[in-house]
Structures are given as structure tokens and as C-alpha cells.
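What follows is a short report on a single structure.
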Amino acid sequence: MPGRGQGDRASSGGFSSEARIVMNNNLIVEVCVEAVDSALAAERGGAQRVELCSSLVEGGVTPSAGLIATARQKISIDLHVMIRPRPGDFCYSADEFAAMQRDVLMAKQLAADGVVFGLLGEDGKIDVPRTRQLVDLARPLKTTFHRAFDMSVDPCHSVEHVVETGADRILTSGGARTALEGAATLRSLVETAVGRVIITACGGIDDQNVKAIVEKTGVREIHVRLRTSVASPMRYRNENISMGTVQGSEYQRFIVLEDRVERLLRAARACGPGTG
């Protein structure tokens, strides 16, 4: 089993654990990443947690065992792993659910701190029985019901159904395109869920709007991407073919930069513990 990494904050000038708490006034910041370098940047920038995925252009799917193990060895902050067997909807076949169960066990074996998943029925309601099975299988890891929640038929009823599953938190934009647009619903969810399940806000959150979102919603956890496009270092490029559906996508990728995480945390500093 891989051990928890020590990180490299000391050499990079990143925040210590104590400085993180002071910097963001107990607002928990989770950064969504799909590569080890981005996970390290998130840690150096002061985030308390990363969500590790693959293929974020498709909303994120389960990362490989090798990626999980390497990330775990490199970072010391909490590592939560996406459990999603394919892109598309969240209504899974028996075989897909079996794959999710195996991936939960894999994440446990590789010393992840939590897993992230979401299952819906054909009617758009939370699949309570199978979600509960994954929650129970994951213990003692923390569990997050991801943005499948935003695709459900009724957020008000859905929060009660997620509570039934025993999941620790819900990742949501309030059913809107962004957290700012869904702020009123997020506020309602926070008030409904208090003491029973954590509401983690997501959707277009950055240093320009984090203060407004926290003040409007009362959330104490946020999930951010903070992606920056970088060009490939390759000098030779074959522009005639493409390995994916987007022409030329082989020669750019999206990463998380340490300074963007730092800027968000500094903006979040204005959100006091009693805000909202």
C-alpha cells in the first residue's frame, strides 16, 4: 500500500498546514485535478484536498491505479478519487456497478482518503440502494455524491435521499450552470442539510467570485478546477491526424497552477467563519 506523500511545500514556498487554516478562515478548498503535477500545485498553493479524475473534458472518469498510487506518494493533503466507469449519464448497468465496486476497493487499497460517485435511476431520482452499497463498501473512507445530484429530478428531495445513503457530502452547483447562478438553491440546500450532510459548492468558482458565493450560500467547502491551458513542449507535430474528437488536442492540456490556487485562497480570506 503506498504511503502518504510528504509533499514539497518546504522547498516551494507553499503554505504550511497551519497557514492554510489562517489563510482561508476554515473554508475547505478542494481542487479537481487529472495529473500528478496539478495535484502537487494544488497542495503547494494551499488546498486541503484534491479530487483525482481522468478525462475531465468528459466530466471526469475513474483514474488508473498507477495515477492514484503516484499521486498518493507525492502529496500529503487529502486525496479523493472519482469513481465513474464511463462518460455520459449516471444510470449504470449491473456490470458497470460491479466495476465501480472494484474501483472503490482499489482506492481503499491505494490509501485514498475518500471516493466520489453518483448514481441515478432512469426516473432521475437518486439510486439510494446502490449508492448506500458503495458508501458502506468505502468505509472508513469519506464519500461524496457528485454532480449527478445536479442532474436529478428534484434537488430538495434528492438531498433527503442522499442523506439516506449515508454519504458525507454532496457536490453541487445548485442545479445551475455555475455556483453563482445557483446560489439561492445552494443556500436552501445548506440550510436543509445542516448537521446531516455537507454541501460542497462547485461550478465556475475562482478568486473573482469566491467571496460572493460563500456569502450568498453559507457553504464552508468549495470545489474548484482553476484550469489553465498549456501548450505541448513537442517541437514536431503531426497536424494531419488526431487521437481524439477535438483536432489538435494532443498538443495542449489543462493544468492547475499554484499561483491560481493561492489567489483563490487569498480572496477567500475575506470570508469570515460566520459569513452567511
So what's the gap between the Cα centers of region 209-254 and region 123-163, to the nearest angstrom?
27 Å
At D95 and V194, where each label point lies 7 Å from the Cα along Cα→Cβ, what is the point-to-point distance in nanometres?
4.8 nm
Taking only Cα atoms of region 81-228, radius of gyration then Dmax in Å:
14.9, 43
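Using the beta-carbon distance between Y236 and E160 and R0 = 45 Å, what value does 1/(1 + (r/R0)^6) give for FRET efficiency, to the nearest 0.05? Don't skip to the end; give the middle numbers.
Values: r = 56 Å, r/R0 = 1.25.
Calculated transfer efficiency: 0.20.
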Ordered by packing density, taken as the mean number of other Cβ atoms within 10 Å over each peptide's residues, highest first, how do 88-100, 209-221 rank?
209-221, 88-100
Helical contribution to [θ] at 222 nm, DSSP H n ≥ 4, -39,500 (n - 2.57), averaged over the chain, rounded to 500
-10500 deg cm²/dmol
Ranked packing of 124-134, 36-46, most packed first, by mean Cβ within 10 Å
36-46, 124-134
Which length gain, in nm to one decimal place, applies between R132 and I255 when the Cα-Cα distance is subtracted from 0.36 nm times their residue separation?
40.9 nm
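Whenever you get a sec, compute what percent of the accessible area on region 143-249 sits on carbon and sulfur atoms (1.4 Å probe).
Numbers: 2820 of 5300 Å².
Summing carbon and sulfur atoms, their accessible area is 53 percent of the total for region 143-249.
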Per residue, how much accessible area does the chain show when a 1.4 Å probe rolls over the protein heavy atoms, in square angstrom?
45 Å²
Work through the residues other than T165 whose Cβ is under 11 Å from its Cβ and net out their charges, Lys, Arg +1 and Asp, Glu -1.
-3
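The values are calculated or read from the model by the stated rules, or taken from the named source; none is laboratory data. All values reported here derive from a predicted model rather than from experimental measurement. For neighbour counting, all protein chains shown are included, and Cβ atoms are generated from backbone atoms with ideal geometry for every residue, glycine included. Surface accessibility is based on the protein's heavy atoms, side chains included, excluding ligands, DNA and RNA. Shrake-Rupley method; radii C 1.70, N 1.55, O 1.52, S 1.80 Å.
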